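Heads up: the structure comes next, in structure tokens.
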Amino acid sequence: MKVEFAPLHIPLARRLQTAAVLQWVLSFLLLAQVCIGIIVVLIVHNYWFLYVPYLTWLCLDWRTPEQGGRRSNWVRSWTVWRYFKDYFPIHLIKTWDLDPSHNYIFGFHPHGVLVAGAFGNFCTNHSDFEELFPGFTAYLHVLPFWFRCPLFREYLMTSGSVSVSKKSVSYVLSKEGGGNISVIVLGGAEESLDAHPGKFTLFIRQRKGFVKVALTHGASLVPVFSFGENELFKQVNNPEGSWLRTVQEKLQKIMGFALPLFHARGIFQYNFGLMPYRKPIHTVVGRPIPVHRTPHPSPGQIEELHQTYMEELRKLFEAHKRKYGIPEHETLIFK
């Protein structure tokens, strides 16, 4: 295999973009483990004056990720996130005006490997979100597992990320006067195992909890499709029924998150590594589906709204796919 190296004279901006994305990738692959390791070392060496106050604080602060989190505009405004956004680059496209007196659920698709589009658009102050959706605050809901990691949870919450638990989503959508957006990556960890370039498989048919919560709170549903999300990495071939996929699915059920075996480019060469490819991401926010508040929705009401959501999601994909280089014959596959 011929290795293709990066040119020697790389503009400073591109170097900074690469460094920003590397920092982001490593933060999700290693930082949680490092933070846990730090706590273990402190306990083993009996630095009680450090770990006892923190663990006490952790107990008192345990429910914060389910109560709106603790975002930091200072962290969200770090220059590193601007370079992160420009690396791909990431774009946010609005197709419909939203009423800031209402609350909304953004159903984000597809999951991809590391959900770069969702993070870049909703967890930093360097996207066009505030300009396109003035008067709104977005909360990206992620697996509760990450908030059980000491120290790492503090870093994660500064971005505006909160737990994806029912209590957490209900807390965000309960705000009087509106202006809150729950961003939920509906396909979840399971969908990441199908995040192959050129594939558009969404795990949505059995995901109906978000519909029930939307009905309970009267929050409008908005389909969001992030074109280019699945193009950032390649995965080791893992078709359903293969031994690798079977192992991945069992681990996902046990741990709550998936372990896709992904690769892309390196820092100094383009053939292999953990750096995502420089592929543009266009996150398109679709038309809102009005939802009448129903405190105790019936299974029939949930099913009807779920079908409407899937139809609107498919319409959104079909209306915009040609703009972003997707062939006419390609369509969404709902599982």
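The values are calculated or read from the model by the stated rules, or taken from the named source; none is laboratory data. A quick note: this is a predicted structure, and the numbers were derived from the prediction, not measured. Here Cβ is always computed from backbone atoms with ideal geometry, including for glycine, and neighbour counts include all displayed protein chains. For accessibility, only protein heavy atoms count, side chains too; no ligands or nucleic acids. Shrake-Rupley method; radii C 1.70, N 1.55, O 1.52, S 1.80 Å.
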(message) For region 8-22, give me the residue count where each residue is exposed (fewer than 14 other Cβ atoms within 10 Å of the Cβ) and either in contact with a Ser or Thr (Cβ under 7 Å, 6 or more places away or on another chain) or in contact (Cβ under 8 Å) with a residue 60 or more places away in the chain (or both).
(response) 1
(request) State which residue pairs qualify: first residue among the β-branched types (Val, Ile, Thr) and inside region 192-209, second residue assigned to a loop (DSSP other than H, G, I, E, B) and crowded, with 19+ Cβ neighbours inside 10 Å in any location, beta carbons under 9 Å apart, and separation of 6 or more residues or different chains. (result) Thr201/Pro110; Thr201/Gly187; Thr201/Asp194; Thr201/Ala195; Ile204/Leu186; Ile204/Gly187
(message) Among the numbered criteria (1) modelled with pLDDT under 95; (2) within 23 Å of Trp24 (Cβ to Cβ); (3) not polar (S, T, N, Q), which one does Lys279 miss?
(response) (1)
(message) Looking only at region 179-213, count every residue that is open to solvent by 10 Å² or more (accessible area, probe 1.4 Å) and at positive phi and tell me the total.
(response) 2
(message) For region 41-108, give me every one of the helices (runs of 4 or more DSSP H) that falls completely inside it and has 3 or more residues that are closer than 30 Å to Leu313 by Cα.
(response) 79-87
(message) I'd like to check something: does region 217-238 contain any residue that is part of a helix (DSSP H, G or I), within 30 Å of Val21 (Cα to Cα) and open to solvent by less than 40 Å² (accessible area, probe 1.4 Å)?
(response) yes
(request) Show the residue pairs that are 6+ apart or on different chains and have beta-carbon atoms under 9 Å apart, the first residue being within region 24-52 and open to solvent by less than 50 Å² (accessible area, probe 1.4 Å), the second being charged (D, E, K, R) and part of a helix (DSSP H, G or I). (result) Ala32/Arg153; Cys35/Arg153; Cys35/Glu154
(message) Checking the structure you have, find out if any residue of region 38-58 is of a type in the set (S, T, N, Q) and modelled with pLDDT of 95 or more.
(response) yes
(request) Name, by its number, the condition in (1) open to solvent by 20 Å² or more (accessible area, probe 1.4 Å); (2) of a type outside the set (Val, Ile, Thr); (3) in contact with a strand residue (DSSP E or B) (Cβ under 6 Å, 6 or more places away or on another chain) that does not hold for Glu176. (result) (3)
(request) Find the residue count for region 131-143, including only residues that are more than 12 Å from Gly69 (Cβ to Cβ) and in contact (Cβ under 8 Å) with a residue 24 or more places away in the chain. (result) 6
(request) Could you grab the pairs with beta carbons closer than 6 Å, sequence gap of 6+ or different chains, first residue in region 178-190 and in a helix (DSSP H, G or I), second one of a type outside the set (Val, Ile, Thr) and open to solvent by 10 Å² or more (accessible area, probe 1.4 Å)? (result) Ala189/Gln252; Ala189/Phe257; Ala189/Ala258; Glu190/Phe203
(request) Would you be able to tell me the number of residues in region 279-335 that are closer than 25 Å to Phe122 by Cα, without any contact (Cβ under 8 Å) to a residue 12 or more places away in the chain, in a helix (DSSP H, G or I) and open to solvent by less than 90 Å² (accessible area, probe 1.4 Å)? (result) 1
